[in-house]
1. Please work out if residue 56 is out of contact with any helix residue (DSSP H, G or I) (no Cβ under 6 Å at 6 or more places or on another chain) and within 24 Å of residue 191 (Cα to Cα).
2. Keeping to the range 140-196, report how many residues are touching a residue at least 40 places away in the same chain (Cβ under 8 Å), among the hydroxyl-bearing types (Ser, Thr, Tyr) and part of a helix (DSSP H, G or I).
3. Kindly indicate whether any position in the range 166-179 is under 28 Å from residue 35 (Cβ atoms), of a type in the set (S, T, N, Q) and touching a Phe, Trp or Tyr at 6+ places or on another chain (Cβ under 8 Å).
4. With the requirement that a residue be of a type in the set (D, E, K, R) and closer than 19 Å to residue 246 by Cβ, what does the range 311-356 give you?
5. Please specify each residue of the range 1-51 satisfying the condition of being modelled with pLDDT of 95 or more and either aromatic (Phe, Trp, Tyr) or on the phi > 0 side of the Ramachandran plot (or both).
6. Which of the residues that make up the range 165-178 are under 21 Å from residue 119 (Cβ atoms) and surrounded by fewer than 18 Cβ atoms within 10 Å (Cβ to Cβ)?
7. Quick check: anything in the range 252-260 closer than 30 Å to residue 370 by Cβ, in a helix (DSSP H, G or I) and free of Cβ contacts under 8 Å to residues at least 60 places away in the same chain?
8. So if I check each of 333, 359, 304, which one is touching a Leu at 6+ places or on another chain (Cβ under 8 Å), under 15 Å from residue 285 (Cα atoms) and at pLDDT below 90?
Amino acid sequence: MPLAAVAAVHAAAVALVLAAAAAVLAGGLADVRAALAFGALIAAGEAVRITLPGDRELAPVGAAGALAYALLGPLRGLPTGHGVLQTVAVTAAAGLLGTLPYTLRGRAPQPDRAARRLLTTAFAAVLFQPLYNSGALDRVATRGAQYGLVLAAAAVLAALFDVVLAALLRSARARIRFGPALVAELHALPGIGSAIAATGLVISLGAGEIGLWALPVFSVPLLLTQLSFRRYGATAATRRQSVAALARATEVAGYTLPGHARRVAALSRAVGSRLGLPGRDLELLECAALMHDIGQLSLVEPVPGGATALLPPEEQRRIARLGSEVIRHTGVPPEVAVFVELQARPYRAADGRRDPAVPTASRIIRAANAYDDLVCDDPRLARRLEVLEQLRLETGRAYDPRVVEALTAVCTGAGPAGPADDRRRGRPAWLDAAAEWEEQGGAVSVRAPLRASWTRNGAGGRHE
């Protein structure tokens with residue numbers, strides 16, 4: 001089962017912490033001053049953690065401190081001997097201390113992130129500490145370029161190990177293939193991940209020369225970078241709020257039904273996550289899905305129920321084109337306007353081949369919009385399966401088969417689950433949005449003639 005991998009990772013982290021605690025209790029702390037200093041750095045880093053778009057929690061300074069402690073050799077020219085298990089024990093204890101204020105406020109750290117931190121730190125320590133403590137590195141000058149290369153290699157391998165762990169957890173949580181999840185995590189690595197690895201490496205090298213003063217001195221650049229990422233996250237949140245407000249314009253004007261844009265956006269993100277899209281691509285997809293119906297504001301008369309899926313192809317393309325022109329003046333990334341404009345184009349060209357000009361995001365929005373246009377007011381599983389079958393029958397022309405397959409998995413209850421989903425209810429967020437719409441008294445009667453129109457025209461009657 002997919003979640004067995006998650007349980008295995010968590011169990012490995014817990015077993016490692018228990019073994020480390022037992023070893024420290026039995027043998028005591030080695031190099032107490034260094035342990036306390038690195039523990040304080042890790043705890044402080046956890047206390048000032050940040051949340052990036054996509055609900056990704058990071059503690060860059062804490063992660064760099066843990067990596068530096070795992071790769072610590074000499075301290076101001078004097079040998080150290082803390083070893084692997086003490087590294088794990090100090091990292092775990094400091095992490096718990098640093099997250100205590102959040103836990104008391106009901107914002108406990110994500111278990112996946114905590115397990116990854118401990119296992120990655122332990123992996124880095126296993127790579128380096130036995131070599132250093134056994135004297136195997138004595139032939140390498142501990143202040144020369146060769147020693148730096150050894151530390152750099154260990155840091156790179158630890159970063160790759162963390163990527164593999166993250167991909168494993170993501171694929172298990174979202175129930176997607178491991179390959180796309182690994183590619184998505186590799187795309188995210190060059191950002192803050194490379195800064196964390198570089199800072200941990202520099203702190204370890206600097207501590208060999210200037211001692212524990214290296215910890216605050218070399219942590220400052222990463223802390224400033226973290227502040228920049230925090231500002232970026234705040235800016236992104238403001239932009240999402242502006243986009244959501246703009247998306248509601250069609251609802252306020254009566255062109256679309258309440259909650260349609262939010263449902264399509266949540267459903268599109270779930271499908272994109274299942275297909276293994278990277279984090280930034282998911283953000284752009286969600287943004288485009290929220291504004292996919294903006295072009296309807298150009299209509300003299302609203303479409304019944306706002307269901308553009310039943311309009312003639314030319315009218316669909318005109319609405320999408322007008323919407324993209326509006327979006328280009330909103331300040332969002334230009335890819336969003338492209339996604340919206342191309343959502344009305346079918347998956348296959350006239351010759352039957354896949355149209356390479358249509359990006360994956362546009363294909364996802366097209367399918368999610370058609371699905372919600374026809375079933376959002378009907379909670380019956382039979383109705384969902386009926387529409388999904390109709391979409392599947394049109395994969396020869398209108399819809400991407402991979403997208404419809406992922407959409408089917410999400411809509412039948414096999415969709416992504418994990419930190420980005422609704423933790424309180426344990427179900428996909430798009431279902432909660434649909435429930436919210438129903439609680440507001442959604443106009444079920446508006447959709448009844450639309451379903452009849454689809455049936456009269458057949459599975460592929462109006463879609464091209």
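1. Answer is yes for this residue.
2. Result for the range 140-196: 2.
3. No, that holds for no residue.
4. 321, 325, 328, 335, 341
5. If the condition is that a residue be modelled with pLDDT of 95 or more and either aromatic (Phe, Trp, Tyr) or on the phi > 0 side of the Ramachandran plot (or both), then 38 is the only one that fits.
6. 178
7. Yes: the range 252-260 contains one or more residues that are closer than 30 Å to residue 370 by Cβ, in a helix (DSSP H, G or I) and free of Cβ contacts under 8 Å to residues at least 60 places away in the same chain.
8. The match here is 333.
The values are calculated or read from the model by the stated rules, or taken from the named source; none is laboratory data. Being a predicted model, the structure only gives us computed values, none of them experimental. Ideal geometry is used to build each Cβ from the backbone, glycine not excepted, and the neighbour counts take in all protein chains shown.
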